[in-house]
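All remarks here apply to the structure that follows.
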Amino acid sequence: MKTYVKFGLLVVAIIGVLAWLAAGGVNDSKTYYKTISEVNQMGDRAADKRIRVGGDVESGSIQRLGKDVYFTLTQENIKLKVVYSGSDPLPDTFRDGSQALADGKLGQDGVFHASKIQAKCASKYEAKPGTKPGAAVNRAAM
């Protein structure tokens with residue numbers, strides 16, 4: 001009987017540790033998408049949390065200084081200065097006017113310090129001019 005109790009306690013302990021590790025990993029890795037206005041409304045709380053903020057890259061704002069990239073995200077005439085100092089190269093679609101998500105923390109100076117950048121070029125996903133969205137391409141006309 002003692003063997004079954006020891007084995008049961010060991011199984012419960014292992015399952016408990018795995019559940020604790022899984023819950024901790026999920027909480028550390030989850031970030032919600034925030035708009036620039038939501039980040040501004042968070043105030044000092046934004047400096048403590050890892051957050052993901054999205055917006056459009058302002059035209060002419062991208063500057064590369066050493067390994068850091070400085071740019072400005074805009075959304076509905078609200079601006080947020082961002083500095084990216086991650087080790088991964090920037091996506092090919094990261095350019096002026098593209099939509100971008102910056103993952104990081106807001107500094108005390110009001111500059112968002114990003115460790116990851118995701119970008120999407122909106123024009124890449126639009127239909128060609130003169131065609132209807134979802135329409136089949138006529139290969140014979142090509």
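The values are calculated or read from the model by the stated rules, or taken from the named source; none is laboratory data. Just so it is clear, the model here is predicted, and its values are computed rather than measured. No Cβ is skipped: glycine too gets one built from the backbone with ideal geometry, and neighbour counts run over all protein chains shown.
So which residues in region 55-74 are surrounded by 14 or more Cβ atoms within 10 Å (Cβ to Cβ) and either among the aromatic types (Phe, Trp, Tyr) or at pLDDT below 90 (or both), if there are any at all?
Listed by number, the residues that qualify are 70, 71.
Return the total of residues in region 43-70 being more than 15 Å from the chain's Cα centre (by Cα) and in a strand (DSSP E or B).
Adding up the residues that qualify gives 6.
Restricting region 87-104 to residues that are crowded, with 16+ Cβ neighbours inside 10 Å and of a type outside the set (Asp, Glu), which is farthest from residue 37 (Cα to Cα)?
Going through the qualifying residues, I end up with 90.
Among the listed residues 9, 21, identify the single one that is modelled with pLDDT under 85 and over 21 Å from the mean Cα position of the chain (by Cα).
21
Just the residues that are among the basic types (Lys, Arg) and in a loop (DSSP other than H, G, I, E, B), please, taken from region 71-108.
Of everything in region 71-108, just one residue is among the basic types (Lys, Arg) and in a loop (DSSP other than H, G, I, E, B), namely 95.
Going by the conditions given, is residue 106 touching a residue at least 24 places away in the same chain (Cβ under 8 Å) and aliphatic (A, V, I, L, M)?
Criteria met by residue 106.
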